[in-house]
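To start, the structure itself, in structure tokens.
The values are calculated or read from the model by the stated rules, or taken from the named source; none is laboratory data. Small disclaimer: the values here were computed from a predicted structure and weren't measured. Quick reminder, even Gly has a Cβ in these numbers, built from the backbone with ideal geometry, and neighbours come from all protein chains shown. Side chains included, ligands, DNA and RNA excluded: accessible areas come from the protein's heavy atoms. Shrake-Rupley method; radii C 1.70, N 1.55, O 1.52, S 1.80 Å.
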Amino acid sequence: MNGKLRSVDRVAAAAAELGLAIQIRTMPESTRTAGEAAAACGCEVGQIVKSLVFECGQTQELVLLLIAGDRSADLDAAGRQLGQALLRADPKRVRTLTGFAIGGVAPIGHLQPLRVFMDTALPAH
């Protein structure tokens, strides 16, 4: 993914590469929480996708967890799937590798590919 593009343009380009027809909207109010995002979009909180980046304790690999807005990430379960504990990722490293600041990480359009794990509740939406 091209680091010279604005983050919104990287997301649009990644969506196009994936064959996804998306509409990117700029919200006039805060959408930093799932509740705020749902209110701004006029949808249920569970329809919001939280993109959470964690670091693997042994390998230091960053992984992306896509979690429904009305749920919390189960780091113990995710760690068991990965065979290692998940830790908070360094915000500077997240920005460097994804191109997004923590709290605003998109599910697509990262500067570097990340392994992705998706909440099983998301496909229901």
Which of the residues that make up the range 95-125 are more than 18 Å from residue 15 (Cα to Cα), touching a residue at least 12 places away in the same chain (Cβ under 8 Å) and hydroxyl-bearing (Ser, Thr, Tyr)?
96
Looking only at the range 98-125, which residues are over 12 Å from the mean Cα position of the chain (by Cα) and open to solvent by less than 50 Å² (accessible area, probe 1.4 Å)?
111, 121, 122
